[in-house]
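Read through the structure below, which is laid out as structure tokens, and then see the notes.
Bear in mind these aren't lab numbers, they're just calculated from the coordinates by the rules spelled out. Being a predicted model, the structure only gives us computed values, none of them experimental. Don't worry about glycine lacking a Cβ; one is built from the backbone with ideal geometry, like all the others, and counts go over all protein chains shown.
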Amino acid sequence: MKLKPYTILLGLVATFVFLGYFSIHQASNYGVALENTPQQVNRVFSDTVTAKHSDGTPITYNVKYRIDGTLSQSNFVSLKSNIRYTLQMLASNSTEFDDKTVLDEFKKSLNTLSNMMGVKLTWISVGYY
Amino acid sequence: MKKFNANTFNKDSEISAIVNFLVDRWNMDVVTLKGTSNNGVMEFVEKVYNAGFDAASKWIDRYALNSHLYDVYTIRRRLLLKNENGEFVHNDVVLMYLYNIMMNISDYVDSIFHDWDYSDFINLVQKDCKVKFNGLTKLKPNTYKEFTKDYSAFSGMEEYADSQQQIDEDEFDAVDSGTASSFSFPVQISLPHVAYDDIHQGRHPLYTLICAIATQGMVGAQKSNDAELKHLISLIDILQEHTDDSSRCVFPKSDLIEAIIRCRPTGVPFPENATFVDPDKMIICSSDEIDVECDLELLQQENTGKADKVLAKLKNDHSVVIHNKWLEQSNELGYKVTCAVVEYNDNKLAKLRFNPETDSMETY
């Protein structure tokens, strides 16, 4: 399977970060009430995301990260949801040969999103199998 | 969880899947229909799901649709550029409409959400449910009391994501309602998330449950609309041979497309003489049973020689995309092809018309 051009990944990430940020303002349409109280997070979370590459190869990502700062609930949900969706989207637009690139781009995009939300995101471990 | 599929999507199956999932995880037996001792869990879920579905009856996903529109627009434009020195591209009615819909979609979505308030909506649904059902305020996830005994903010979320989330999502036999801005249904109603909502956001478990069920309905409605619109957008493209003559325009009948087209006073109105065809009465035949726009794209990329597709408008105002081998059978099927655009192997378009004198299709 031919590798997707690097530029496609970058484009996707940029688009997705934009959508992720925009979705913060639409979060109320999809399951999070408008009245939500900002709260100090300051703790570790983890996530296991299963996805498929463009050539059908299954991939499982394990991520552990720490969020420090204050987030409203809709931003908290949006940040966590974006972690899953960005990984799934990047995986489905790449092959297993791109895995390292995918994770680099994933971290960059989520760092951008967390910066926009005003919190610090620290990656403890990001792996795949 | 399942990916949304317009062909298999069914509201009743969704509601049953939600009920089946809930009865194993929440004390749903406390819900009864008022005035009876009958368990009302099915009616309760149905009521909330339908409230969400109805609320989102006009919602669409602007990003997904614009991406689809752009694809259809680009493929058509590419085909037109290859013919008659590209002069079709300047006055093609379909390109104009695809572009116009693209430009209007954001305005349309903004107009829908102008007065929309999710919290107000959920409060109304909750109030309505309390009139009809008893026991709602006792609704909790199983083992809720034990879990919340020494609860601190966000506790249990990491463990849930590590060990239980995938199991729950695999078991939930309904459409995945998770988005880039919201959790899937199983996560929303899981113990740690319900506890966080209750203790740190002041939202009772009932409220969280109603949010999750209603959202499942909203996502179902929106995805149905998206699928319908994608289908109709493709039909606009394939129904219409190149023309700058508005009296020969054919559009699929659709309230959604009309609403999008008309949402801006400065938008391009439908031509007065346009013909509108009920999409339910259309028959689409494709030898490969794949979307026509995919076929056209394949032809562009591979020049496979499979370009024996005929686009036709039928005399009885039904419309059909018809494979060459189906052309001969069309009379047997009771359709009369009166005009068509045929795409040849070299990506050229030829226009055909039915000549009653010779009883055959002829180029013109």
For this session: Using a Förster distance of 35 angstrom, determine the FRET efficiency expected from the C-beta separation of B:A227 and B:E272, and round it to 0.05.
Result: 0.70
Exercise. What whole number of Å gives the distance from the Cα centroid of segment B:1-74 to the Cα centroid of segment B:125-183?
Worked result: 16
For this session: Given a cut-off of 31 Å, name the pairs among A:K107/B:K230; B:K47/B:K230; B:K130/B:K223; A:K80/B:K253; A:K80/B:K34; A:K52/B:K47 whose C-alpha atoms lie farther apart than that in the structure shown.
Result: A:K107/B:K230; A:K80/B:K253; A:K80/B:K34; A:K52/B:K47
Exercise. Separation between the B:E171 and B:E258 pseudo-spin-labels, each 7 Å from Cα along Cα→Cβ, expressed in nm?
Worked result: 4.7
For this session: Give me the number: length gained by fully extending B:N39 to B:S155, i.e. 0.36 nm times residue separation minus the C-alpha to C-alpha distance, one decimal in nm.
Result: 38.5 nm
Seminar exercise, completed: Given B:27-39, A:109-121, the highest-first ranking by average Cβ count within 10 Å works out to A:109-121, B:27-39
Problem set entry | Modelled FRET efficiency - R0 35 Å, B:D162 with B:T8, Cβ distances, 0.05 increments | 0.65
For this session: First check a/c for segment B:1-276, with a ≥ b ≥ c the square roots of the eigenvalues of its C-alpha gyration tensor; if it is under 1.5, answer rounded, and if not, answer prolate when a/b is larger than b/c or oblate otherwise.
Result: prolate
Exercise. Relative contact order, percent, of segment B:1-276 when contacts are C-alpha pairs under 8 Å separated by at least 6 residues?
Worked result: 33
Exercise. To the nearest 20 debye, what charge dipole does segment B:1-276 have about its Cα centre, counting +1 at the Cβ of each Lys and Arg and -1 at the Cβ of each Asp and Glu?
Worked result: 500
Seminar exercise, completed: Taking r as the C-beta separation of B:L81 and B:M103 and R0 as 22 Å, the FRET efficiency to the nearest 0.05 is 0.55
